[in-house]
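Below: the structure, in structure tokens.
The values are calculated or read from the model by the stated rules, or taken from the named source; none is laboratory data. The structure displayed is predicted, hence computed values, not measured ones. Because the Cβ atoms are built from the backbone with ideal geometry, glycine has one as well, and the counts that use them run over all protein chains shown.
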Amino acid sequence: MTPHIVETTPIEGQKPGTSGLRKKTRVFMQPHYLENYVQAIFDGIGGVQGKVLIIGGDGRYFNDRAIQVILRMAAANGASGCIVGQGGILSTPAASHLIRKRGTDGGLILSASHNPGGPDEDFGLKYNGPNGGPANEGVTDRIFARTKDIDSYRILDAQDVDLDQIASTTLGDMQVEIVDPVTDYAALMEELFDFDALRALFAGGFRMRFDAMHAVTGPYATEILENRLGAPKGTVVNGTPLPDFGGGHPDPNPIWAKDLMDHMYAEDGPDFGAASDGDGDRNMIVGANCYVSPSDSLAVLADLAHLAPGYAKGLAGIARSMPTSEAADRVAAAKGIDCYATPTGWKFFGNLLDAGRATICGEESAGTGSDHVREKDGLWAVLLWLNILAATDKSVMQVMTDHWARYGRNYYSRHDYEAVDTAAANQLMDDLRASFGSLPGQSFGPLTVETADEFAYDDPVDGSRSSGQGIRVAFASGGRVMYRLSGTGTEGATLRVYLERLETDPDALAQDAQAALASVIAAADQIAGIRKRTGRDAPDVIT
Ligand code: G6P
Ligand code: ZN
């Protein structure tokens, strides 16, 4: 088997976004598209000669074909080994764990996360480094630079590798090891959580519904919840990963996981509901009649993590993305530990976790995780919640009510305007930037602007600076609004508007979030002229 050197020319637009390269599947399926990008990754990380990589994805359409191409290219580029999840499956957190456990030189994860899958939907590919986390900006900049001057790629002429059999084979001179995608991950969860207490919880009649949304967490949740913890069969629903996620949108939020919401708000519904996304790194938590916002979930997990064996010694620090609510900051302050605000994108937590400065991290976009891996981890969040419920003997609603009574409630919501005209969205952001000088002192309804600026992050570990990370407007009486353009969308621009207000009046902690935020929502529109510029009456998605 001789490696072929195939001549190619650069392809426009292969710039990695918030989380790797995401495009329409058909874009990825164009001649040389995937190959160019894979070669650019290999070149961008200094070649893969003699290296070992973890490879796996969320099982979406084109996952298996892309893996065959990646394997042939890795072999042709001199990699010494690839470790692949059986059937091409690895959840993102499980891939992160395998990279760390096997001490590999990183890995390639095939996923477009919570975006739908299929020939007319989305596909994605990203490189994670030897620490198990998404490549930092230095690396993704080198990969992008390489996509712009690439002139050839290397690929082996070979038969497909059988991805379905757990076995070791060779491809050219490269070792290929097919491993069970669940075993190592499940063992890690057993180390972190009190499985005896969780078994007792289920044995005592606790009822749970886990919606895997036909995505990658199905096999993981079935093994852990039903097989190891004894939850009744049927606790996991939509548990078989499908290439098109059953035609659904595998994004665990009240809109896309409406079926779960309906069950949890029904009379005599389950005690606990949870869902995860396409690649298993996001989570949604919902109790009986009680949806938990991701920002609140982060605060509760950080507050009570010490109840789980893996975190019994307490937390070194907490980190959240800038647009995530400040509920976690209040917990950190009470515990006397640091709280970091980073730009959106899990990669920014990597240095804090590696340096031991943060133990638990989270984002408003339904991601929470800890230093056990270097990705956010959907099932981990679910298991930590279960551990907390078992240890406190409280319902989700009681946990939330007690949390707000102690810390106050950071009412929070995100309004998304999707597939907005890109020029109009950029103009909106530019005009906001131009008004930083004039906004302070201006009033919008009952709210007066105190500060307006654009968030830039100075990484406290490596000193790197990331600028242009979201516009912030803070009001004198408290409350803030943030504006960002999404870095994960594949169509036009997605404008995200993040809204927050702290309430400490004990009699005002049980309001509907949209009602509690009404004045902030109105000000956000007036300040940026969202409706006028986008031509939309209302957001497409409210979380
Ligand atoms: C992915 C990343 C997250 C990020 C989210 C939203 O899930 O892993 O870190 O918060 O996308 O990013 P976006 O740029 O679309 O707001
Ligand atoms: Zn995801």
Selection within the stretch 307-353 - charged (D, E, K, R) and either in contact (Cβ under 8 Å) with a residue 60 or more places away in the chain or not assigned by TED's automatic domain parsing to the domain that holds Leu383 (or both): Glu326, Arg330, Lys347
The stretch 480-495: number of residues that are at pLDDT 95 or above and either of a type outside the set (A, V, I, L, M) or more than 16 Å from ligand 1 (Cβ to nearest atom) (or both): 3
Total residues in the stretch 486-495, condition surrounded by 19 or more Cβ atoms within 10 Å (Cβ to Cβ) and either away from ligand 2 (no atom under 16 Å from the Cβ) or among the aromatic types (Phe, Trp, Tyr) (or both): 2
Test: residue in the stretch 372-390 that is over 19 Å from Tyr311 (Cα atoms), within 16 Å of ligand 1 (Cβ to nearest atom) and either in contact with a Lys or Arg (Cβ under 9 Å, 6 or more places away or on another chain) or assigned by TED's automatic domain parsing to the domain that holds Ala312 (or both): no
Entirely in the stretch 263-355, the strands (runs of 3 or more DSSP E) that have 2 or more residues that are away from ligand 2 (no atom under 16 Å from the Cβ) and of a type in the set (Ser, Thr, Tyr): 338-342
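Residue by residue, here is whether (1) away from ligand 1 (no atom under 14 Å from the Cβ); (2) buried (at least 23 other Cβ atoms within 10 Å of the Cβ); (3) within 23 Å of Ala474 (Cα to Cα) holds:
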site	(1), (2), (3)
Tyr311	yes, no, no
Ser325	no, yes, yes
Lys335	yes, no, no
Asp338	yes, no, yes
Thr342	no, yes, yes
Ile360	yes, yes, no
Ser365	no, yes, yes
Among (1) more than 16 Å from ligand 2 (Cβ to nearest atom); (2) at pLDDT below 95, the one test that Leu384 misses: (2)
Qualifying residues in the stretch 12-45 (those that are surrounded by fewer than 21 Cβ atoms within 10 Å (Cβ to Cβ) and acidic (Asp, Glu)) - the one farthest from Gly118 (Cα to Cα): Asp43
Condition met for Arg199 (under 24 Å from the mean Cα position of the chain (by Cα) and basic (Lys, Arg)): no
Test: residue in the stretch 209-231 that is on the phi > 0 side of the Ramachandran plot, of a type outside the set (D, E, K, R) and in contact with an Asp or Glu (Cβ under 6 Å, 6 or more places away or on another chain): no
Residue pairs meeting the criteria (Cβ under 6 Å; at least 6 apart or on separate chains; first among the hydroxyl-bearing types (Ser, Thr, Tyr), in the stretch 524-543; second surrounded by 15 or more Cβ atoms within 10 Å (Cβ to Cβ)): Thr534/Tyr417; Thr534/Val420; Thr543/Asn253; Thr543/Arg414
